1. Working only within the stretch 1-25, note down all residues that are open to solvent by less than 10 Å² (accessible area, probe 1.4 Å), more than 15 Å from the ligand (Cβ to nearest atom) and in a loop (DSSP other than H, G, I, E, B).
2. When the stretch 498-557 is examined, which residues are found to be open to solvent by 10 Å² or more (accessible area, probe 1.4 Å), within 13 Å of the ligand (Cβ to nearest atom) and either β-branched (Val, Ile, Thr) or modelled with pLDDT under 95 (or both)?
3. Just need a number here: residues in the stretch 92-108 that are more than 7 Å from the ligand (Cβ to nearest atom) and touching a Phe, Trp or Tyr at 6+ places or on another chain (Cβ under 9 Å).
4. For the list (1) on the phi < 0 side of the Ramachandran plot; (2) modelled with pLDDT under 95, I need the number of the one condition that THR197 fails.
5. Quick check on my filter: what residues within the stretch 252-274 are of a type outside the set (D, E, K, R), assigned to a loop (DSSP other than H, G, I, E, B) and out of contact with any helix residue (DSSP H, G or I) (no Cβ under 6 Å at 6 or more places or on another chain)?
6. LYS261: under 26 Å from ARG107 (Cα atoms), free of Cβ contacts under 8 Å to residues at least 60 places away in the same chain and open to solvent by 30 Å² or more (accessible area, probe 1.4 Å), yes or no?
7. Since ARG454 meets every condition but one in (1) closer than 25 Å to GLU420 by Cα; (2) buried (at least 17 other Cβ atoms within 10 Å of the Cβ), which condition does it not meet?
8. Based on what the data block shows, is SER472 assigned to a loop (DSSP other than H, G, I, E, B) and open to solvent by 10 Å² or more (accessible area, probe 1.4 Å)?
Amino acid sequence: MNYDAIVVGSGATGGIAAKELTEKGLKVLLLEAGPALDEAIFQRPGLKRQVNTWDRIAAGATGQHTQARCSWFSPDKRELFVNDLQNPYTTSADPFLWIRGRQVGGRFQSWGRVAVRMSDYDFKAASHDGYGDDWPIEYQDLVPYYDSVESFLKITGRKDNIANLPDGQFSNEAGLSSFEQKFQNTVQDKWPERKFTPWRYVATDATRADAEGKTHTTSPIAAAAATDNLTLRPNSVVSKVNIDPATGNASGVTFIDRETKQQHEVRANVVMLCASTIETVRLLLNSGTSTFPQGLANSSGVLGQYFMDQTNGVVFGSVPGATGFELVDGKHPGDNHGGFYIPRFQNLTDSSQYDFIRGFNIQGMVGRIPVPNHIPTLFGLTVQGEMLAAKENRITLNTRKKDAWGIPVANIDIRMGDNERRMAKAQMAAILEMVNTMGWNIEIAASILDIHNRDNLMPNASWFERTMFKLSYQKSLALGSAIHECGGARMGNDPSTSVLNKYNQSWDIPNLFVTDSSCFVSNGAGGPTLTTMALTARAAEFIASEYNGSANLTKAV
Ligand SMILES: Cc1cc2nc3c(=O)[nH]c(=O)nc-3n(C[C@H](O)[C@H](O)[C@H](O)COP(=O)(O)OP(=O)(O)OC[C@H]3O[C@@H](n4cnc5c(N)ncnc54)[C@H](O)[C@@H]3O)c2cc1C
């Protein structure tokens, strides 16, 4: 069968691609490398302790040595993280922590569900500070798609009119805990530019779908399945995008069955890559042809370049004199999601105050983590800073090493630059000064640079746990640990310096689209997921409007 479109990857972006295309009448084959997971996995209780050293060691010994470094990892949810032995990768500069899941729904099953918009402070950042390139789109271009994705996902949030964190379509009102409210008041008295808003997030079970894609009504895959235009094929590891030599168009893909290891070829008029940043770049690099010997759609030579993550830091501890937790937006501990969010407050207008460009945001929760009433109230803050797009930071193919299906692995060559180092230092100083102003007890303060409370690290933990933390934190907070990796197949206005045009369409192959975060030109300081889903919806609308039942799509300029 010749499908109208093949979508590779069923995560946050693949789900939206499938939904938008099927709802517009296209017959879509959604190929997912991993299995459909049993609903029971999602009903397990999850992480109970902050640093579960033994659990992580055990997971490491059974094939998840990289995934177990993720602070969100828990043995109860191990199926949501890949097996590192089957899915290896290599690095050739700084360490890089590649955290991912291979299952129907992708990381949309395991993400933190914080869904924030980017703004023209991001899309037009180069015009503002002279570094790098602007995106080929501006904020207004994405507004209708942000609106529709948010409405579909029923985002919980609060409108706060913050210029660089535009308000969205919120279906439910988000609040702050009484601890967070007090934190906001104290911080804003001292630093009025540090604006607070509650997390903007997707409610607990909004994103799941079963093997047929039909469980939850707010799952994009379930919405696609409801059209009867969707064919979902789990366990399909796509190894190559195929090209019709006569036309130069994409003709479909080759995939390997995850279980039988049999190879299959499938055909479609349009191919959309939504396999996640590194996987999509890897797939394009592995699909080279005589016309594109350095990787498919790579006439510019920039495929793989300008790869980024964010600089990461954390502070955990407890609130002196307080015990237990509060229910805020949810009705029971299981749906007590949410927290506070302080969007980037540096270099928005006056750039003279800081020794770095761009900036960082801070988010966290105080008094929400469910603990028994007699246990001290906990807080956790994380800070993430924008990494600049640099040509030298790149993904390449390591043809000497293969995954369990014989596909060459990705090599990640990424380094922190001076701007990242200066920002990482400033961002830790910023969260520590706020926590110290509150007088809270710090158990862990660590960043990509250092442990910042060595003298009093994890005072209630055993010697063994402290030692393990000291030995492992640098790899656990390495680049990649923000799990906001992006770039590598960037959009642009110029085909000689970008892979994709403003509709995420390959400059070289007009019926090939890439809409995961590999398309990002810069990564901002927030989470990329809502933006990449909005970009996907926009690209899908473009495809549907141009589609004439053949592989000949107009190339947008
Ligand atoms: C613990 C955690 C917390 C996070 N929290 C947040 C947050 O709060 N906010 C935020 O914005 N972001 C967050 N993220 C990041 C977010 O999950 C990703 O940005 C988002 O899922 C990316 O969507 P995607 O579709 O590009 O990739 P994914 O969701 O990773 O989906 C990609 C899919 O493609 C499949 N695939 C890969 N290669 C192939 C192949 N060759 N053939 C077939 N299928 C393939 C994979 O199996 C996977 O299912 C978090 C991530 C994690 C892991």
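1. Those that are open to solvent by less than 10 Å² (accessible area, probe 1.4 Å), more than 15 Å from the ligand (Cβ to nearest atom) and in a loop (DSSP other than H, G, I, E, B): none in the stretch 1-25.
2. THR529
3. Residues in the stretch 92-108 being more than 7 Å from the ligand (Cβ to nearest atom) and touching a Phe, Trp or Tyr at 6+ places or on another chain (Cβ under 9 Å): 2 in total.
4. (2)
5. THR260, GLN262
6. So LYS261 does not fit the description; no.
7. In the conditions (1) closer than 25 Å to GLU420 by Cα; (2) buried (at least 17 other Cβ atoms within 10 Å of the Cβ), ARG454 misses (2) alone.
8. no
The values are calculated or read from the model by the stated rules, or taken from the named source; none is laboratory data. Note that the structure is a prediction, hence the values are computed from the model and not measured. So basically every Cβ, Gly included, is an ideal-geometry build from the backbone, and we count neighbours across all protein chains shown. Quick note on the areas: whole protein, heavy atoms, side chains included, nothing else; ligands and nucleic acids left out. Shrake-Rupley method; radii C 1.70, N 1.55, O 1.52, S 1.80 Å.
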